[in-house]
Amino acid sequence: MHKEAAIREPLILGHKTYNDITNDVVGPIEGPAPMGWKILISITGLISLYGIGCIMYLIGTGIGVWGLNKTVGWAWDITNFVWWVGIGHAGTLISAVLLLFRQKWRMAINRSAEAMTIFAVIMAAMFPGIHMGRIWVGYWVFPLPNQFGSLWVNFNSPLLWDVFAISTYFSVSLVFWYIGLIPDFATIRDRMIKPLPKKIYSILSFGWSGRAKNWTRFEEVSLVLAGIATPLVFSVHSIVSMDFATSVVPGWHTTIFPPYFVSGAVFSGFAMVLTLMLIMRKTMKLEAYVHVKHVEYMNIVIIVTGSIVGVAYLTELFMSWYSGVEYESYAFINRFSGPYAWSYWIMMTCNVISPQLMWFKKLRRSLTFTFVLTIFVNIGMWFERYVIIVTSIHRDYNPSSWGEFHATFIDIGVFVGTIGIFLTLFLLFARFFPVLALNELKTILKSSGESYKSDSEH
Amino acid sequence: MYDDEQKLLAAAKELVHQGIRVKDVFSPFPIHGLDPIIGVKRTRLAIASFMYATGGTTLALLGMWYFMIHDWPMNIGGKPSFSLIQNLPAFVPVTFEFSVFCAAHGMAITYMIRNKTLPGMPACNPDPRTTDDKFVLEIAASQNHDHDVENLEAALKQTDLMELSIKELA
């Protein structure tokens, strides 16, 4: 059996047995829904309905109900799209990249992080869809034979690459997540007493029996999927960044976009995972599995990616001056001193300055501080996309067509609505799905559990 | 049935040493180091996945050659549109995504079929506790003709087991 150094902090606190892990995770699913959950889901449900209403109005009337105009043709819609895709990067990174690096702490968070990924990507995918205006011809993005003499989609365009990247990322993440869920659904199935839930979980568990050969295949599939999901994670946000980088707009036409967007995505994704996990561990009493050490590890990732993002901001600024291109330097002077300077400085404060506080061990091990900081990062990363998109195009080469963007209530309604839908889906997940990867946690109980560690010292 | 994976591992080692064939093991999580003892061969799923990926690459390149070069070449900003090789850099992202798509889904479907885990399939673990915290080691008398049932039972009782159940199979 794998041994772990005694000085390494245990990942599972307390004296847990295999059965305790099952009880802690499956228990909340079996019991009645807590009052707090009912209240929360009512609130998020109402917000979702409002958002859906705004979307229906938008589709019925046309995208003119957004604050978009001839100059600023992309604003909140694409900002929200990139923001949600970015948030969707943490889940697969945690479960795939950290699996390849054999980081055991991922096991307590990967299940919910992946659920978050899937829900965030659904929210993201919605924005290009409704931005098309005529969503009923949305299938035109696929290379289908058609009545226009078979005019195909343009495979040279990053926008089409995005279609492939997002759909691949979404479906592969979903499969990865579900394959991990099957054995855990089987655990719930075998515990359930009421006939209807038992039936549902038995359908969901696909008849999993846990044979030795099944487990061998399970581990192989997880490893190979992790191997191919890892470059996928990096490719998706690189391709998103190319939507901008391959254009000729000053402020977008930058070669550092792919790595800068990927680290920004991981940065914001981890922030969102932390925000949700800190609430979930408390309300679902998972403190023994997700504790200060996990939070500290995630905060370290936040420092690293946050610093990369900070360096990227400064590099961009330096290059705009060093390139000697007049339009390029103006785009950046306009960013920090123009009409949208406020959003630039919000971005700088939230994304560059605040994560540096995590160098203090006391702060990165403080749950309250981490929670507040992750909210800052979420806001900052939304503004990053807003700054990149709106401030770059509102003043382009031709001063006579300069303009400004003002969000309408539909802009706000759609965005807030997606947050509502996202949280509703997450609450449903937390209620009915095993929120921790049971089968994986059980494999590390003996090497990283507190009681086993202290026993082996004597 | 055992209540700890280490006990099961030791028992499996001991039984195989005595020449008894272990039919199967049911456990709530993968037991590392068990496969070589009870003679489970390495899975070939990774090879299958590689083949699906190659298929995806071929299909993506073939498709893009047909759409963009052969059927309807388009002049986009003066970029080369009459040669696959010259246009290849722009086709890399979609080729990559589609290969990953095929590899992942092909492997997942193969995995489901080989495991016989598909929606609506019945579960066949002998005891519901094997998905929680118990470990079952299954031995079939029909696979062990050189040992009679009493012999097998005695050998099993020698190991650190928790429960023993004997079933008459038709």
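A short reminder: the numbers here are calculations on the coordinates, not readings from a lab. The structure displayed is predicted, hence computed values, not measured ones. For neighbour counting, all protein chains shown are included, and Cβ atoms are generated from backbone atoms with ideal geometry for every residue, glycine included.
Over every Cα atom in region A:1-121, the radius of gyration and the widest Cα-Cα span, Dmax, amount to 21.5, 65 Å. Only DSSP H runs of four or more residues enter the estimate; each adds -39500 (n - 2.57), and after division by the residues of chain A the mean residue ellipticity at 222 nm equals -22000 deg cm²/dmol. Note: region B:45-115, Cα convex hull, 77 Å³ per residue. Inter-part distance, region B:93-152 to region A:334-386, computed on C-alpha centroids, equals 47 Å. Computed about its Cα centre, the charge dipole of region A:1-115 is approximately 260 debye, with only Lys, Arg, Asp and Glu carrying charge at their Cβ.
Only Lys, Arg, Asp and Glu carry charge here, each on its Cβ (+1 for the first two, -1 for the last two); on that basis the protein assembly as shown has a dipole of about 380 debye about its Cα centre. Peptide B:103-110 is shielded by partner chain Cβ atoms: per residue, an average of 5 of them sit within 10 Å of its Cβ. Mind checking which of B:GLY120, B:LEU9, B:VAL92 is farthest towards the positive end of chain B's charge dipole, using Cβ charges of +1 (Lys, Arg) and -1 (Asp, Glu) about the Cα centre? Of the options given, the answer is B:VAL92. Placing a label point 7 Å from the Cα of B:CYS124 along the Cα-to-Cβ line, the residues of region A:181-219 whose backbone N sits under 13 Å from it are A:207-214. Under 19 Å from the 7 Å Cα→Cβ point of B:VAL16, by amide nitrogen: which residues of region B:36-64? It comes to B:36-44, nothing else. A P(r) calculated from all alpha carbon pairs of region A:57-201, with 5 Å bins opening at zero, reads 2, 8, 13, 15, 14, 14, 11, 9, 7, 5, 2, 0, 0 percent. Need the C-alpha centroid separation for region A:218-235 versus region A:73-96, integer Å. Their Cα centres are 20 Å away from one another. Peptide A:432-441 has a mean of 1 when you count, residue by residue, the C-beta atoms of other protein chains within 10 Å of its C-beta. Take the Cα of A:GLN147, step 7 Å toward its Cβ, do the same at A:ILE39, and the gap between the two points is 5.6 nm. For the residues of B:132-141, the average number of beta carbons from a partner chain within 10 Å of their own beta carbon is 3. Here region B:15-58 and region A:417-436 have alpha carbon centers that stand 35 Å from each other.
Each residue in A:LEU151, A:LEU276 was given a count of other beta-carbon atoms within 10 angstrom of its own, and listing them fewest first yields A:LEU151, A:LEU276.
Converting the Cα gyration tensor eigenvalues of the protein assembly as shown into ellipsoid dimensions via √(5λ) gives semi-axes, longest first, of 49, 29, 23 Å.
Stokes-Einstein, applied to the Kirkwood radius of region A:334-458 over Cα pairs at a viscosity of 1.306 mPa s and 10 °C, places its translational diffusion at 83 µm² s⁻¹.
Database remark: amide H of A:HIS291 closer than 5 angstrom to no amide H (H placed geometrically; neighbours at sequence offset of 5 or more, or on other chains; Pro and chain starts carry no H). Give me a comma-separated list of calculated 3J(HN,Hα) values for region A:274-287, in order, Karplus coefficients 6.51, -1.76, 1.60 applied at θ = phi - 60°, integers in Hz, x for any Gly or Pro. Each residue's phi maps through the Karplus curve to give 5, 4, 6, 5, 5, 6, 5, 4, 6, 6, 9, 6, 10, 4 Hz.
With neighbour counts taken as other beta-carbon atoms within 10 Å, the residues A:ARG111, A:ARG134 rank, fewest first, as A:ARG134, A:ARG111. Under the convention that each Lys and Arg Cβ holds +1 and each Asp and Glu Cβ holds -1, the size of the dipole of region A:70-138 around its Cα centre is about 180 debye.
Sorted from fewest to most neighbouring beta carbons within 10 Å, what does the list A:MET35, A:MET242 look like?
By the 10 Å Cβ count, ascending, the order reads A:MET35, A:MET242.
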